[in-house]
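Notes for the one structure printed next.
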Amino acid sequence: MTRSTRASNAIDRLKQRSGNPGWSMSITGSGHFFLTEGPGKPPLCPPMELDEFVAFVNAQGPQIAKRISKNDIEFEKQLTKKPPKA
């Protein structure tokens, strides 16, 4: 059950990012997953294991830019090495 839940959540995120409610997944008898643009449409990938499938689905469609706070920017600046003083 949790296997298909992770895959379903990935499909739901893809639907939200792309604005296409037709995305669908299917599960083979051997427990592999594949993605389609809608029920009855041809598969867009070969049957995959769960982790591979979720990574594939997450890479599809428009990507949402990661939000960065001012604190994150300042922390990144602190992580960069300063040149040695001469």
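The values are calculated or read from the model by the stated rules, or taken from the named source; none is laboratory data. Values in this document were obtained by computation on a predicted structure and should not be read as measured data. Don't worry about glycine lacking a Cβ; one is built from the backbone with ideal geometry, like all the others, and counts go over all protein chains shown. The protein model used for the area step is the full one, side chains on, heavy atoms only, and it has no ligands, DNA or RNA in it. Shrake-Rupley method; radii C 1.70, N 1.55, O 1.52, S 1.80 Å.
Could you give the length gained on full extension between residue 75 and residue 52, defined as 0.36 nm per residue of separation minus the Cα-Cα distance, in nm?
5.0 nm is the gain from fully extending residue 75 to residue 52.
Percent of accessible area on the chain owned by carbon and sulfur, 1.4 Å probe?
The value for the chain is 57 percent carbon and sulfur by accessible area.
Of the candidates 49, 76, 37, which one comes out as most mobile in a Gaussian network treatment of the chain with C-alpha springs shorter than 10 Å?
76
Each label point is 7 Å from the Cα along the Cα-to-Cβ direction; what then is the distance between the points at residue 59 and residue 5, in nm?
Output for this residue pair reads 2.7 nm.
Relative contact order for the chain using alpha-carbon pairs under 8 Å, separation at least 6, rounded to a whole percent?
24
Label residue 30 and residue 18 with points 7 Å out from Cα along Cα→Cβ: what is the distance between them in nm?
2.5
If exposed means no more than 15 neighbouring beta carbons inside 10 Å and the site is in a DSSP loop, what's the longest run of the chain without any exposed trypsin sites (Lys or Arg not before Pro)?
My reading of the result: 1-65 is the longest stretch.
Largest first, what is the accessible-area ranking of 30, 69 with a 1.4 Å probe?
Solvent-accessible surface, decreasing: 30, 69.
Per residue, how much accessible surface does the range 1-85 expose to a 1.4 Å probe? Answer in Å², no decimals.
I get 77 Å² per residue for this part.
Using a Gaussian network model on the chain with a 10 Å cutoff between Cα atoms, which of 72, 51, 12 fluctuates the most?
Of 72, 51, 12, the most mobile in the Gaussian network model is 72.
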